[in-house]
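*Asks:* I have a structure I would like to understand better, so I am pasting it below and will then ask my questions one at a time.
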Ligand code: SAH
Ligand code: MG
């Protein structure tokens with residue numbers, strides 16, 4: 001990965017350990033090279049994973065769309081981030097991570113390669129028709145939001161394209177269940193094959209089987 005962008009990715013605020021970010025970057029490169037369509041992530045937050053993926057998009061001539069309403073995740077409940085004034089819009093007292101994401105892309109020089117889509121994942125999915133080379137799911141981790149992300153976005157991955165899921169924890173002691181359940185559902189559906197060597201930490205990477213049954 002381009003060392004200049006990598007330095008920004010490492011310094012960016014977010015929830016993506018460097019080894020997992022580099023693994024995600026590798027998936028992004030493969031997806032970009034596949035020419036199957038753009039890359040899309042759900043859950044921009046402050047843009048950290050968008051830098052790992054956006055760097056891959058830039059280097060393969062692809063585009064990354066990054067979707068987030070920038071209001072924080074419901075399952076964390078109101079006030080979870082409010083100890084940190086830098087993530088709050090002083091005018092309204094509401095979480096707003098969009099300025100951080102914008103700045104991260106600007107500083108890393110990726111504004112021409114990453115498109116921020118500001119809105120609820122389900123709303124964007126309902127209007128989204130383009131086949132995707134990669135969907136990276138790292139949005140709301142509550143049961144309903146996570147399963148909706150899988151249900152709504154999974155079918156938009158082109159045959160041969162990738163589905164990456166973050167925060168997959170087989171052991172409940174390590175984290176919440178919904179991403180793990182999403183991963184199990186995907187494997188059980190017969191539509192996806194795990195690309196095990198591409199996974200890292202809590203990142204799991206699946207590939208849409210050719211001729212997979214439609215949803
Ligand atoms: N990928 C980021 C972390 C994402 S944190 C990184 O690497 O740092 C999860 C994000 O999902 C939060 O920013 C939250 O605002 C967003 N989110 C949660 N539920 C959402 C929904 N229903 N629609 C859009 N974004 C959502
Ligand atoms: Mg995550």
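Here, each number is a calculation from the coordinates, and none is a lab measurement. Just so we're clear, the structure is a prediction, and the values are computed from it rather than from any experiment. Ideal geometry is used to build each Cβ from the backbone, glycine not excepted, and the neighbour counts take in all protein chains shown.
*Asks:* Return the percentage of antiparallel bridges among DSSP beta bridges fully within the chain, rounded to the nearest 5 %.
*Replies:* Antiparallel bridges: around 35 percent, rounded to the nearest 5.
*Asks:* Taking the beta-carbon count within 10 Å as an exposure proxy, list 147, 49, 86 from fewest neighbours to most.
*Replies:* Listed from fewest to most nearby Cβ atoms, that is 86, 147, 49.
*Asks:* Could you work out which residue, out of 149, 89, 167, moves most in a Gaussian network model of the chain, that is, has the largest mean-square fluctuation with Cα springs under 10 Å?
*Replies:* Looking only at 149, 89, 167, the biggest GNM fluctuation is shown by 89.
*Asks:* Considering the chain as a Gaussian network with a 10 Å cut-off on Cα pairs, which listed residue, 22, 105, 53, attains the greatest mean-square fluctuation?
*Replies:* In the Gaussian network model the winner is 22.
*Asks:* As a test of understanding, state the convex hull volume per residue of the chain from its alpha carbons, in Å³.
*Replies:* Per-residue hull volume (Cα only) is 117 Å³.
*Asks:* Of 193, 67, how do they rank once you tally other Cβ atoms within 10 Å and put the fewest first?
*Replies:* Fewest-to-most ranking of 193, 67: 193, 67.
*Asks:* Debye calculation, C-alpha points only, no solvent: report log10 I(q)/I(0) for region 141-182 at q = 0.18, 0.19 Å⁻¹, in the same order as the q values.
*Replies:* One equal scatterer on each Cα of region 141-182 leads to -0.53, -0.57.
*Asks:* Just to be sure I understand the model, the point goes 7 Å from the Cα along the line to the Cβ. What's the resulting residue 144 to residue 193 distance in nm?
*Replies:* About 3.7 nm separates the two model spin labels.
*Asks:* Rounded, prolate or oblate: which fits region 38-137, taking a ≥ b ≥ c as square roots of the Cα gyration tensor eigenvalues, rounded meaning a/c under 1.5, else prolate when a/b beats b/c?
*Replies:* Taking the square roots of the gyration eigenvalues as a ≥ b ≥ c, region 38-137 is oblate.
*Asks:* Could you calculate the contour length gain from residue 130 to residue 90, that is, 0.36 nm times the residue separation minus the distance between their Cα atoms, to one decimal place in nm?
*Replies:* Taking residue 130 through residue 90 to full extension adds about 10.7 nm, to one decimal.
*Asks:* Please list, short to long, the whole-number percent of alpha-carbon pairs of region 1-92 in consecutive 10 angstrom bins beginning at zero.
*Replies:* Calculated P(r), rounded to whole percents: 16, 43, 27, 13, 1.
*Asks:* Given points 7 Å out from each Cα along the Cα-Cβ axis, report the residue 174 to residue 159 separation in nanometres with one decimal.
*Replies:* Result: 3.4 nm between the two label points.
*Asks:* In addition: Run the numbers on the chain and let me know its relative contact order in percent, using alpha-carbon pairs under 8 Å that are six or more apart.
*Replies:* 21
*Asks:* Still on this structure, I have one more. Among 200, 46, which comes first, second and so on when ranked by fewest other beta-carbon atoms within 10 Å?
*Replies:* Ascending number of Cβ neighbours within 10 Å: 200, 46.
*Asks:* Report relative contact order for region 73-176 in percent, whole number only (criteria: Cα-Cα under 8 Å, sequence separation at least 6).
*Replies:* Normalised by residue count, the contact order of region 73-176 is 24 percent.
*Asks:* Still on this structure: Remind me, relative contact order of region 154-215 in percent, using alpha carbon pairs under 8 angstrom and six or more residues apart?
*Replies:* Reported relative contact order: 42 percent.
*Asks:* Something else: Can you tell which of 92, 60, 123 shows the greatest fluctuation in a Gaussian network model of the chain with Cα springs below 10 Å?
*Replies:* 92
*Asks:* For region 160-185 and region 82-147, write down the distance between their C-alpha centroids in whole Å.
*Replies:* 20
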